[in-house]
Amino acid sequence: MYFAIQGTKIMHIFAAAKRNSRKKNLLHNKSINMNTENAKSQMRKGMLEYCILLLLHKGPAYASDIIQQLKEAQLIVVEGTLYPLLTRLKNDRLLKYEWQESTQGPPRKYYALTLDGEEFLRHLDSAWNELTNTVNILHNGSEVVISHE
C-alpha cells in the first residue's frame, strides 16, 4: 500500500484501506460460514440413513413419526428428503412396509427393518464405532469404546 503525505489525503487513503480490509474480513467470514454449513450438511446426509435404521430397529414407524423423532434428536429432515430415502432402502431390501388402519384418516404405511436391514445396521454400527474412535483419537488423543446392544 502506498501513502503519500500531502495534507489530509493520507487520512482519506487510510480510511479507504481500512474499509476495504473490513469488507475482505466480512467476505472471508461469510465464506468460512458457508463452507462450515456445507460440511455440516454433508455430515447430516451421511448420517441420515444410519439414524433412520437406528429408529426402525426399535420398532416399525410411520414416516411422520420418523421425522418427529429425528427432529427431537435435533436432525431436521423434510418429507422430500425422507420419502426417497425410505423408497431406496425398501428397494435395497433393507426395509419393508405394512399398511395399517388409522383412526385419523386413511391407512398409514409403517416401515420396519428386514433381516437384511438388521444385518446392515450391525455393519453400520461397527463402522460408526470405528469413525467415532478415529475422531476421538485425533481430537482427544484417546480411544472410546462404544457398544450398541
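Couple of notes before you dig in:
- The loop-placed trypsin sites (Lys or Arg not before Pro) in the stretch 66-127, going by DSSP, that have at most 16 neighbouring Cβ atoms within 10 Å of their Cβ come out as R93.
- Here D65 and K45 are evaluated by their C-beta separation; at R0 = 22 Å the FRET efficiency comes out at 0.60.
- Rough spin-label spacing in nm, given labels placed 7 Å along Cα→Cβ, for S126 and T81: 2.9 nm
- Projected label distance in nm at T134 and N38, using a 7 Å step from Cα toward the beta-carbon: 2.2 nm
- Classified by the C-alpha gyration tensor, the stretch 60-115 has an oblate form. Its axis ratio a/c, with a ≥ b ≥ c, is 1.5 or above, and a/b does not exceed b/c.
- Hydrodynamic estimate: the Kirkwood radius of the stretch 42-149 over Cα pairs, inserted into Stokes-Einstein at 4 °C and 1.567 mPa s, corresponds to D of 86 µm²/s.
- Total formal charge among the other residues, if their Cβ is under 11 angstrom from that of T114, Lys/Arg +1 and Asp/Glu -1: -1
A short reminder: the numbers here are calculations on the coordinates, not readings from a lab. Worth saying up front: this structure is predicted, and the values here are computed from it rather than measured. Don't worry about glycine lacking a Cβ; one is built from the backbone with ideal geometry, like all the others, and counts go over all protein chains shown.
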